[in-house]
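Working notes for the structure below.
The values are calculated or read from the model by the stated rules, or taken from the named source; none is laboratory data. If you're wondering where the values come from, they're calculated on a predicted model, not measured in any experiment. Here the Cβ positions follow ideal geometry from the backbone for every residue, glycine too, while neighbour counts run over all protein chains shown.
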Amino acid sequence: MSLVRMSGVTKRYGDVHALDGASFGLAENRIHGLLGRNGAGKTTAMQVLTGQVLETSGTVEVFGESPYENARVLNRVCFVKESQRYPDAFRVEHALRAAELLHQNWDAAFAAELVADFGLPRRRRIKKLSRGMLSALGLIIGLASRAPLTFFDEPYLGLDAVARQMFYDRLLADYAEHPRTILLSTHLIDEVSDLVEHVVLIDRGRILIDEDADALRGAAVTVTGPAAAVEAFAAGHTELHREQLAGFLRVTVAGAGEPPDGLGLEAEPVSLQQLVVRTTQHSNRTNGQPATAGARGGEH
Amino acid sequence: MRRVLDVARIQTINPFLTIGLPLVVLGLVLLLNLATFAVIGGPSDGDRTTGALLALYVMMGIAPLQTMTQLFPFALGLGVTRRTFYAATALVVVAQSAVYGLVIVIASQVEASTGGWGLGLRFFGLPFLPQGNIAAQWLAVTVPMVVLASIGVFVGVVFKRWGQLGVYGATIGGAALLTGLALLVTGLDGWPAVGGFLASQPPLALLAGYPLLIALLFGGTGWLVLRRATA
């Protein structure tokens, strides 16, 4: 059952469509990955779902109601952003105390453990934290709040690989004990491919994929072999990518299944990251947009 | 309502900084005044009025501005509605002004009974404030503080919604509006009438009644602007 649903949602800023008829849902007690390029509409989608931004058109339902200025909905929501701003005068402990006051499921002991794990100085002013520590503070708030609906928007800028792995491990372990609905947006697709149970891919405000991660694992295959044999195999399927070298052809196709033996074809599985990249490029090509367009801001 | 109180607690999560510091600054300013007049010496004819109390009012204008620009985005991420946040802000602003007003009234009593701290200084009991009635005095010092706070909130909200340009726009627009009104009054030869009207009003209406309307105007307009503001 969908706990969260947006249907045909458009959000316009002037003549920019941050969301363009986007529809997807989040199932209760699952971890969802929201993937897409910079400027694809990930943050806007989360802002709309948390009532921070009002959609231009379309319908949004969270816990069965519109989230905008709705205390019944928002009481159960925690939204952690990469660019989260904290009051200048706040120390780490003030931010934790504030989150505790506002989330009824807050687990202070768990928060204390996480603070120790990430080596966060409780008494330090948030302004003086390093970029990584600032991200860690957001992760701790998001985890310890145990909000029934938790959003993490690119939450780990500046965190090293070890700290990120610690976050994934903690998230999985705590999620197993306290199931809740989580939406995690990220560029680090390989890192989260085992973590997320459901994938939403957004590009230029449109939803390209809204599918269970398990289903996606076999959704595409990369086949290499003599050009004629590969062409025959790929015919009639959606071709996501193609590379040709002399007489050999290498094609990534969706929905074709595994190639039969005996044709001299070699098949490789397509990782979630490759699938996301190829699907986005394919969509941009068919929409007459060069694949490199739309890249803005720093990749991280 | 509980959530409003929780958000109010978050706004005052560092009580020394949010509530204590303005009083400490005020105390230091008072000491500075006392020291200055003690050094000057000479006869104390009881007319050493200073406007240093204004410092407290200025601080009350700035603090809620920062609440809106800095704390509001954080609170929104923690699942607070704009309505709850605004109600909590109003609660904190009014309660804080009420407490400071009480401090000023009590201090002015002390000032009066010690002959202006022994130096003829009028720091708290300013001459234009209503004399005698304690409740009227309290209203006359408290409500203007709420007005400044409401302006601070309003500027903060405009900044949240439309950024720096919005604040410039609102300032210029406000100044243009006031100038236009002044020109209108001049054109109609209405200044004597305005003066007469103001003179006919009781002091409490001028110090508390009309200011309260101004505070409500800024507060209400601020809410309309905030409703569509983004963290």
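Select from the stretch B:59-109 the residues that are within 11 Å of chain A (Cβ to nearest Cβ) and among the aromatic types (Phe, Trp, Tyr) and write down the one among them that is farthest from B:ARG228 (Cα to Cα).
Among those that are within 11 Å of chain A (Cβ to nearest Cβ) and among the aromatic types (Phe, Trp, Tyr), it is B:PHE74.
Tell me which of these A:ALA71 doesn't satisfy, since it passes every other one: (1) more than 19 Å from the chain's Cα centre (by Cα); (2) of a type outside the set (Phe, Trp, Tyr); (3) closer than 29 Å to B:THR69 by Cβ; (4) more than 8 Å from chain B (Cβ to nearest Cβ).
That leaves (4) as the condition not met.
Would you check if A:VAL53 is among the β-branched types (Val, Ile, Thr), surrounded by fewer than 23 Cβ atoms within 10 Å (Cβ to Cβ) and within 11 Å of chain B (Cβ to nearest Cβ)?
Considered against the rule, which asks whether it is among the β-branched types (Val, Ile, Thr), surrounded by fewer than 23 Cβ atoms within 10 Å (Cβ to Cβ) and within 11 Å of chain B (Cβ to nearest Cβ), A:VAL53 comes out as yes.
Considering only the stretch A:77-102, state which residues are facing chain B (nearest Cβ under 7 Å), assigned to a loop (DSSP other than H, G, I, E, B) and within 24 Å of the chain's Cα centre (by Cα).
Selection gives A:GLN84, A:ARG85, A:TYR86.
Kindly list the number of the only condition in (1) out of contact with any Lys or Arg (no Cβ under 8 Å at 6 or more places or on another chain); (2) buried (at least 18 other Cβ atoms within 10 Å of the Cβ) that fails for A:ALA40.
Only one criterion is unmet by A:ALA40, namely (1).
Considering A:ALA234, A:ALA228, A:ALA254, which residue is of a type outside the set (Ser, Thr, Tyr), surrounded by fewer than 14 Cβ atoms within 10 Å (Cβ to Cβ) and not assigned by TED's automatic domain parsing to the domain that holds A:THR10?
A:ALA228
Which one is farthest from A:PRO87 (Cα to Cα), of the residues in the stretch A:109-129 that are under 24 Å from the mean Cα position of the chain (by Cα) and not aromatic (Phe, Trp, Tyr)?
Across the stretch A:109-129, the extreme among qualifying residues is A:LEU114.
Out of everything in the stretch A:126-156 that is assigned to a loop (DSSP other than H, G, I, E, B) and out of contact with any strand residue (DSSP E or B) (no Cβ under 7 Å at 6 or more places or on another chain), what residue ends up being surrounded by the fewest Cβ atoms within 10 Å (Cβ to Cβ)?
Among them, the one singled out is A:SER130.
Pull out all pairs, ordered by first then second residue, where Cβ-Cβ is under 6 Å, the residues are six or more apart or on different chains, the first lies in the stretch B:202-227 and is exposed (fewer than 15 other Cβ atoms within 10 Å of the Cβ), and the second is not basic (Lys, Arg).
From residues that are exposed (fewer than 15 other Cβ atoms within 10 Å of the Cβ), the pairs are B:PRO203/B:PRO130.
Determine which member of the set B:VAL80, B:VAL4 is of a type in the set (Val, Ile, Thr) and assigned to a helix (DSSP H, G or I).
B:VAL4
Looking at (1) free of Cβ contacts under 8 Å to residues at least 60 places away in the same chain; (2) more than 14 Å from chain A (Cβ to nearest Cβ), which is the one condition that is false for B:LEU126?
The failed condition is (1).
Determine if the stretch A:168-178 includes at least one residue that is under 15 Å from the mean Cα position of the chain (by Cα), part of a helix (DSSP H, G or I) and either among the hydrophobic types (A, V, I, L, M, F, W, C) or within 28 Å of B:LEU5 (Cα to Cα) (or both).
Yes, that holds for at least one residue.
Return the residues of the stretch A:190-202 that are farther than 22 Å from A:MET6 by Cβ and either among the small types (Gly, Ala, Ser) or assigned to a helix (DSSP H, G or I) (or both); say none if nothing qualifies.
Residues satisfying the conditions are A:ASP190, A:GLU191, A:SER193.
Please tell me if B:ALA55 is assigned to a helix (DSSP H, G or I), in contact (Cβ under 8 Å) with a residue 60 or more places away in the chain and either out of contact with any strand residue (DSSP E or B) (no Cβ under 7 Å at 6 or more places or on another chain) or more than 30 Å from B:GLY120 (Cβ to Cβ) (or both).
no
Show the residue pairs that are 6+ apart or on different chains and have beta-carbon atoms under 9 Å apart, the first residue being within the stretch B:23-43 and within 14 Å of B:TRP117 (Cα to Cα) and at pLDDT below 90, the second being surrounded by 15 or more Cβ atoms within 10 Å (Cβ to Cβ) and basic (Lys, Arg).
Close Cβ pairs (under 9 Å, with a partner that is surrounded by 15 or more Cβ atoms within 10 Å (Cβ to Cβ) and basic (Lys, Arg)) amount to B:ASN33/B:ARG48; B:PHE37/B:ARG48.
Hey, any hits in the stretch A:261-268 for a residue that's of a type outside the set (Lys, Arg), assigned to a strand (DSSP E or B), loosely packed, with under 14 Cβ neighbours inside 10 Å and at pLDDT 85 or above?
The answer is yes, given that some residue of the stretch A:261-268 is of a type outside the set (Lys, Arg), assigned to a strand (DSSP E or B), loosely packed, with under 14 Cβ neighbours inside 10 Å and at pLDDT 85 or above.
So that you can scan it fast, the table gives a plain yes or no per residue for (1) touching a residue at least 12 places away in the same chain (Cβ under 8 Å); (2) assigned by TED's automatic domain parsing to the domain that holds A:THR10; (3) surrounded by 15 or more Cβ atoms within 10 Å (Cβ to Cβ):
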{"residue": "A:ALA173", "(1), (2), (3)": "no, yes, no"}
{"residue": "A:PRO179", "(1), (2), (3)": "yes, yes, no"}
{"residue": "A:LEU183", "(1), (2), (3)": "yes, yes, yes"}
{"residue": "A:ILE189", "(1), (2), (3)": "yes, yes, yes"}
{"residue": "A:SER193", "(1), (2), (3)": "yes, yes, yes"}
{"residue": "A:VAL196", "(1), (2), (3)": "yes, yes, yes"}
{"residue": "A:VAL199", "(1), (2), (3)": "yes, yes, yes"}
{"residue": "A:GLY205", "(1), (2), (3)": "yes, yes, yes"}
{"residue": "A:LEU208", "(1), (2), (3)": "yes, yes, yes"}
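Could you tell me whether A:ARG123 is out of contact with any Leu (no Cβ under 8 Å at 6 or more places or on another chain), buried (at least 19 other Cβ atoms within 10 Å of the Cβ) and not in a helix (DSSP H, G or I)?
Taking the combined requirement at face value, the residue does not satisfy it.
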